[in-house]
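Okay, so here's the structure we're looking at.
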Amino acid sequence: MSFEAAAAAGIHRLAIPTPFAVGRVNTYLIEDEPLTLVDSGPNSGRALDELQMRLQDHGHSLEDIELILVTHQHIDHIGLVEIVAAHSNAEVAAIDAAVPFIENYSSAAADDDRFAMDLMVRHGIPEEVARALGSVSAAFRGWGAKARITRVLSDGETIDFRDRTLRVHFRPGHSPTDTVFEDAERKTLLAADHLLGHISSNPLISRPQDGGDRPQALVTYLESLRKTRAMDLDLVLPGHGDPITDHRALIDQRFEMHARRAEKLYGLIAQRSQTAHELAQALWGNIAVTQAYLTLSEVIGHTDLLVNDGRVREVEDAGVVRFEAVF
């Protein structure tokens with residue numbers, strides 16, 4: 001099974017350039033009624049030009065799109081949604097959890113940046129470094145854009161086309177709003193960044209939406225993966241990279257990788273109490289500074305597992321959290 005197999009079923013990958021290290025983002029054209037675009041690419045002239053060219057390859061234009069499905073809130077997936085909708089008058093559909101962020105993108109992204117800066121300082125990153133990284137994040141905001149959601153989706157509902165039905169599944173973890181779309185008849189899943197073949201999806205720590213405790217992103221992500229593992233699938237179409245044809249084997253590899261990383265972190269913490277930033281530096285060196293929030297999310301996700309298992313505890317001193325082993 002491959003992109004060619006998906007194309008034979010009327011689902012075409014449109015690989016759109018991004019300015020990010022992950023490379024191109026996979027958007028998908030579903031040739032059916034309604035003619036549907038899954039995600040859009042980032043908000044840039046280059047991405048828009050490429051999207052228009054790839055649509056033309058299949059005999060369509062922006063104006064032909066009738067439905068846009070949004071898989072999650074990350075900027076390489078939502079950046080052009082409003083522009084496509086303005087050209088086409090397409091319906092824009094997203095899971096209910098994503099609506100507040102997407103419709104209030106600028107303020108929500110700014111709130112996320114403030115939360116991230118506070119989290120970084122609390123977990124051992126020097127305040128001046130956190131501020132500099134916050135400025136970089138703010139500069140990237142222009143690659144995203146708000147969009148008006150005209151159809152709010154709920155977990156478990158179906159979207160009916162002329163020749164297929166897609167079921168909506170809420171799979172948070174990589175982001176708070178990840179949504180996958182299942183064609184049960186064809187055993188195909190449009191998975192976006194929930195499951196990627198060539199790299200592991202990083203469960204980024206997200207701002208609590210209700211003002212409550214910090215969500216445990218990795219714990220949530222692993223639960224979402226368990227649900228996806230149980231699905232009967234032949235083909236998974238990801239948000240980056242190539243199709244996945246054995247989702248269960250890949251998910252099992254991800255489970256093993258996360259278990260190994262948790263054990264490695266436990267070994268480091270057992271030597272001496274450490275902040276999440278110190279642990280990230282031990283694992284990744286200077287990358288823990290240049291990609292501080294990503295590596296911090298990775299560490300805290302795994303310390304959440306260790307804390308939940310009663311093997312590690314958090315100790316806070318002068319506003320900074322350290323992790324120590326429970327012997």
**Prompt:** If you check every pair at least six apart or on different chains, which have Cβ atoms under 7 Å apart with a residue in the range 269-291 that is of a type outside the set (D, E, K, R) first and a residue that is open to solvent by 70 Å² or more (accessible area, probe 1.4 Å) second?
**Reply:** 273/322; 274/322; 275/322; 288/281
**Fill in**
The number of residues in the range 155-178 that are in a loop (DSSP other than H, G, I, E, B) and open to solvent by less than 50 Å² (accessible area, probe 1.4 Å) is 11
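From the list 167, 151, 162, which one is over 26 Å from residue 21 (Cα atoms) and under 20 Å from the mean Cα position of the chain (by Cα)?
On the way: 151 fails: under 20 Å from the mean Cα position of the chain (by Cα); 162 fails: under 20 Å from the mean Cα position of the chain (by Cα).
Answer to the check: 167.
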**Item:** Qualifying residues in the range 142-154 (those that are touching a strand residue (DSSP E or B) at 6+ places or on another chain (Cβ under 6 Å) and in a strand (DSSP E or B)) - the one surrounded by the fewest Cβ atoms within 10 Å (Cβ to Cβ)
**Value:** 151
**Item:** Enumerated helices (runs of 4 or more DSSP H) restricted to the range 13-96, each holding at least 1 residues that are open to solvent by 10 Å² or more (accessible area, probe 1.4 Å), farther than 23 Å from residue 236 by Cα and out of contact with any Gly (no Cβ under 9 Å at 6 or more places or on another chain)
**Value:** 45-57, 81-88
**Request:** Filter the range 208-223 down to residues that are touching a residue at least 12 places away in the same chain (Cβ under 8 Å) and out of contact with any Pro (no Cβ under 8 Å at 6 or more places or on another chain), then give me how many there are.
**Result:** 4
**Request:** Output the number of the condition that residue 273 fails; it satisfies all remaining conditions of (1) out of contact with any strand residue (DSSP E or B) (no Cβ under 6 Å at 6 or more places or on another chain); (2) among the small types (Gly, Ala, Ser); (3) over 24 Å from residue 164 (Cα atoms).
**Result:** (1)
**Item:** Which numbered condition residue 205 misses (of (1) at pLDDT 95 or above; (2) crowded, with 20+ Cβ neighbours inside 10 Å; (3) of a type outside the set (Ser, Thr, Tyr))
**Value:** (1)
**Complete:** The number of residues in the range 1-12 that are within 20 Å of residue 194 (Cβ to Cβ), part of a helix (DSSP H, G or I) and either of a type in the set (Asp, Glu) or open to solvent by less than 20 Å² (accessible area, probe 1.4 Å) (or both) is 1
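Please give the helices (runs of 4 or more DSSP H) falling wholly within the range 237-327 in which 2 or more residues are modelled with pLDDT of 95 or more. Let's see the steps before the verdict.
Values: elements: 247-271, 276-284, 287-290, 292-308.
Qualifying helices (runs of 4 or more DSSP H): 247-271, 276-284, 292-308.
Table: residues versus (1) open to solvent by 50 Å² or more (accessible area, probe 1.4 Å); (2) over 21 Å from residue 113 (Cα atoms).
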position: 213; (1), (2): yes, no
position: 222; (1), (2): no, yes
position: 226; (1), (2): yes, yes
position: 243; (1), (2): no, yes
position: 248; (1), (2): yes, yes
position: 264; (1), (2): yes, yes
**Asked** Given 110, 139, 116, which one is of a type outside the set (S, T, N, Q), part of a helix (DSSP H, G or I) and surrounded by fewer than 13 Cβ atoms within 10 Å (Cβ to Cβ)?
**Response** 139
**Item:** Conditions (1) at pLDDT 95 or above; (2) in a loop (DSSP other than H, G, I, E, B); (3) over 13 Å from residue 243 (Cβ atoms); (4) of a type outside the set (Gly, Ala, Ser); number of the one not met by residue 199
**Value:** (1)
**Message:** Could you tell me how many of the residues in the range 119-176 are in contact with a Ser or Thr (Cβ under 8 Å, 6 or more places away or on another chain), in contact (Cβ under 8 Å) with a residue 12 or more places away in the chain and farther than 21 Å from residue 300 by Cα?
**Reply:** 12
**Request:** Sort out which residues of the range 24-60 are charged (D, E, K, R) and within 13 Å of residue 70 (Cα to Cα), and write them in order of number.
**Result:** 39
**Prompt:** For the range 266-289, what are the residues that are among the polar types (S, T, N, Q) and open to solvent by 60 Å² or more (accessible area, probe 1.4 Å)?
**Reply:** 271, 281, 286
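In this structure, does residue 182 turn out to be open to solvent by 10 Å² or more (accessible area, probe 1.4 Å) and touching a residue at least 12 places away in the same chain (Cβ under 8 Å)? Outline the logic, then answer.
Details: open to solvent by 10 Å² or more (accessible area, probe 1.4 Å): yes; touching a residue at least 12 places away in the same chain (Cβ under 8 Å): yes.
Yes.
The values are calculated or read from the model by the stated rules, or taken from the named source; none is laboratory data. Remember, it's a predicted structure, so these values are computed and weren't measured experimentally. Cβ sites come from the backbone with ideal geometry, for glycine too, and all protein chains shown count toward neighbours. Remember, those area values only see protein heavy atoms, side chains included, never the ligands or the DNA or RNA. Shrake-Rupley method; radii C 1.70, N 1.55, O 1.52, S 1.80 Å.
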